[in-house]
Amino acid sequence: RKKVGVLVSGRGSNLQALLDACADPSFPAEIALVISNVPGVYALERAEKAGVPTLVIPHKGFPSREAFDAEMDKALRAAGIEIVCLAGFMRLLSPPFAEGWRGRMINIHPALLPSFKGLHTHARAIEAGVKLHGCTVHLVTPELDDGPILVQKAVPVLAQDDEDSLAARVLEQEHKAYPEALRLLAEGRVTVEGNRALIRDA
Ligand code: GAR
């Protein structure tokens, strides 16, 4: 089983989806470390309940983004991590960190990329009047919310939706998309051609 490190900043429902998937011994990955840049978040409790080691690295204590990322990098490598999952990790990554994990780091974004990069995706989708919205799991590159797409799930946007109702519908799909994408990567079924991820059948 591939050793996975998960980076979090908040409630950790996507972390929970990954923990639940990894609880099945036939799943090709196991979570070996959870790192939060914010102390006291619920994601840390979820990891502890699952018996997974946690580390808090408060970004505020570092003189630069590079220095903070270097500390995370050191911890991930010391733990023998092979794949990094960003799960509601709300920090931009420095290019050296992104490059160092290229092809081995994935992110979940609450929109159908390349639409609605960045923050407040659900409000922006409603505002734009799109009829389909969703989530994307992609390989991380130094560009924000860019990089080869592994899995996408779409949901309808309903006339009566507000930000919260739409977020909840998307989140349910995130919890399916993230374990699927981690499985693809952990099984070595992903190759990258330009900005496309090609997925081999199991
Ligand atoms: C999720 O909806 C995730 O897609 C989003 O934050 C939420 C975290 O929830 N990520 C981003 O916006 C990344 N820029 P969670 O902590 O319950 O997984």
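Every number here is computed from the coordinates shown, using simple stated rules; none is lab data. Quick caveat: nothing in here was measured; it's all calculated off a predicted structure. Ideal geometry is used to build each Cβ from the backbone, glycine not excepted, and the neighbour counts take in all protein chains shown.
Express in nm, to one decimal, how much length is gained between Arg104 and Ser165 on full extension, taking 0.36 nm for each residue of separation and deducting their alpha carbon distance.
Values: separation 61, 0.36 × 61 = 21.96 nm, distance 3.26 nm.
Length gained between Arg104 and Ser165: 18.7 nm.
From least to most packed, judged by other beta carbons within 10 angstrom and beginning with the fewest, Tyr42, Tyr178 follow the order Tyr42, Tyr178.
Counting Lys and Arg as +1 and Asp and Glu as -1, what is the net charge of the other residues whose Cβ lies under 15 Å from the Cβ of Gly194?
Values: positive: Arg102, Arg196; negative: Glu143, Asp146, Glu193.
Surrounding charge for Gly194 is -1.
Remark: spin-label model distance Met90-Arg77 equals 3.0 nm, labels positioned 7 Å along the Cα→Cβ axis. Put simply, the convex hull of the Cα atoms in region 93-171 casts, on average, a shadow of 4.9 nm².
Placing R0 at 25 angstrom, the Cβ-Cβ distance between Val56 and Lys3 gives a FRET efficiency of 0.80 after rounding to 0.05.
Residues considered: Pro28, Pro114, Pro148. Largest GNM mean-square fluctuation over the chain, using C-alpha springs under 10 Å, is found at Pro114.
Taking label points 7 Å from Cα along the Cα-to-Cβ direction, Asn195 and Ala128 give a separation of 1.4 nm. All other residues whose Cβ lies under 11 angstrom from that of Gln173 are scored, Lys and Arg at +1 and Asp and Glu at -1, for a net of 0.
Could you tell me the relative contact order of the chain? Use alpha-carbon pairs under 8 Å, at least six residues apart, and round to a whole percent.
Working: 391 pairs, mean separation 39.0, N = 202.
That works out to 19 percent.
Positive contributions from Lys and Arg (+1) and negative ones from Asp and Glu (-1), summed over other residues with Cβ under 14 Å from the Cβ of Pro114, come out at 0.
What is the distance in Å between the Cα centroid of region 28-107 and that of region 121-144? Cα centroid to Cα centroid, the span is 23 Å.
What value in Å³ per residue do you get for the convex hull of the alpha-carbon atoms in region 102-142?
Working: hull volume 2.5 nm³, N = 41.
Spelled out: Cα convex hull of region 102-142, divided by residues, is 61 Å³.
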